[in-house]
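Okay, structure first, notes after.
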Amino acid sequence: MSETETQKKPAILLLGAPGAGKGTQGAILGNIPRFYHYASGDVFRSLDTRTELGRKFVEYSKRGELVPDHFTIELWAVQMENLIATHVYKPDIDILVLDGIPRNVEQCKMLEEHVTIHQVFHLSCPDRSELERRMRKRALKEHRLDDASETVIQNRIQTYEAATKPILDFYPDELCCDIDASQSPAKVLYDILARLQTLGVYQEISAMVV
Ligand code: ADP
């Protein structure tokens, strides 16, 4: 699949360590008309574990590691095609809210021909103990296996530092904005929305009468 610049999907990226609140914010944004929330972790978790991909996901995520890039990007591309074919996601009028993908620089490169990232929201939470606290809470409430063990939690944070955080250097500085993720969810949302209003792509899309 190769798209011209105008066919590339407009997107914003939520970037942050596990527990930073990407899923919480992404779900809220995805409920706003003209936004579509794609959470790669949720898509992986919805896979039938009898399939090869479903098994791969369990194998890697239970160790706190990333699923190999080609599986991840292929799954994303297939999901996008399905969502477009069923008109659930409308690439010409919806802003894609990417949550959990791209998750390393290689994935950024692989997605470059398909999406235009208009803003990277870095949900920053330097207090690792707060992230760990949120993950432990989530393990209980959402039955997340990958949040249940201390070793896996540490692995996931390390994977974030080593593989995902360098994404911030891949995109130009002016595309990246730091959001203090230790604040209340409502205040984090407020800060994201304030920045969103200033984006040309948001102004264009929200002005469209459909
Ligand atoms: P969190 O929201 O806590 O950061 P996710 O729910 O996004 O975690 O992801 C859970 C797991 O799914 C990851 O630890 C990883 O194994 C796998 N995963 C999700 N997205 C990707 C991706 N883009 N590339 C590789 N693996 C991924």
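A few remarks follow.
- Selection of segment 19-56 for residues being in a loop (DSSP other than H, G, I, E, B) and near the ligand (Cβ under 8 Å from one of its atoms) yields GLY19, ALA20.
- Residues that are under 23 Å from PHE57 (Cα atoms) and touching a residue at least 24 places away in the same chain (Cβ under 8 Å) were ranked within segment 71-92; the one that is surrounded by the most Cβ atoms within 10 Å (Cβ to Cβ) is THR72.
- Residue list for segment 107-131, restricted to those being more than 18 Å from ALA39 (Cα to Cα), part of a helix (DSSP H, G or I) and either at pLDDT 95 or above or not acidic (Asp, Glu) (or both): LYS109, ARG128, SER129, LEU131
- Of all residues in segment 93-120, those satisfying the criterion of being over 24 Å from GLY64 (Cβ atoms), within 17 Å of the chain's Cα centre (by Cα) and surrounded by fewer than 19 Cβ atoms within 10 Å (Cβ to Cβ) are GLU112, THR116, HIS118.
Matching residues to (1) more than 9 Å from the ligand (Cβ to nearest atom); (2) surrounded by 16 or more Cβ atoms within 10 Å (Cβ to Cβ):
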| position | (1), (2) |
| --- | --- |
| HIS122 | yes, yes |
| ASP127 | yes, no |
| GLU132 | yes, yes |
| GLU142 | yes, no |
| ASP147 | no, yes |
| GLU150 | yes, no |
| ILE153 | yes, yes |
| ILE167 | yes, yes |
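- Test set (1) of a type outside the set (A, V, I, L, M); (2) modelled with pLDDT of 95 or more; (3) under 28 Å from LEU199 (Cβ atoms) - GLU74 fails condition number: (3)
- For segment 31-54, residues that are surrounded by 13 or more Cβ atoms within 10 Å (Cβ to Cβ) and over 30 Å from VAL210 (Cα atoms) total 6.
- Scanning segment 151-210 for residues that are touching an Asp or Glu at 6+ places or on another chain (Cβ under 8 Å), touching a residue at least 24 places away in the same chain (Cβ under 8 Å) and in a helix (DSSP H, G or I) returns VAL152, ILE153, ASN155, ARG156, ILE157, THR159, VAL188, ILE205.
- Filtered residues of segment 139-150 (kept if in a loop (DSSP other than H, G, I, E, B) and in contact with a helix residue (DSSP H, G or I) (Cβ under 7 Å, 6 or more places away or on another chain)): ARG144, ALA148
- Segment 75-105, residues that are outside any helix (DSSP H, G or I) and β-branched (Val, Ile, Thr): THR86, VAL88, ILE93, ILE95, VAL97, ILE101
The values are calculated or read from the model by the stated rules, or taken from the named source; none is laboratory data. Note that the structure is predicted; figures quoted are calculated from it, not measured. Cβ: placed from backbone, ideal geometry, glycine included. Neighbour counts: every protein chain shown.
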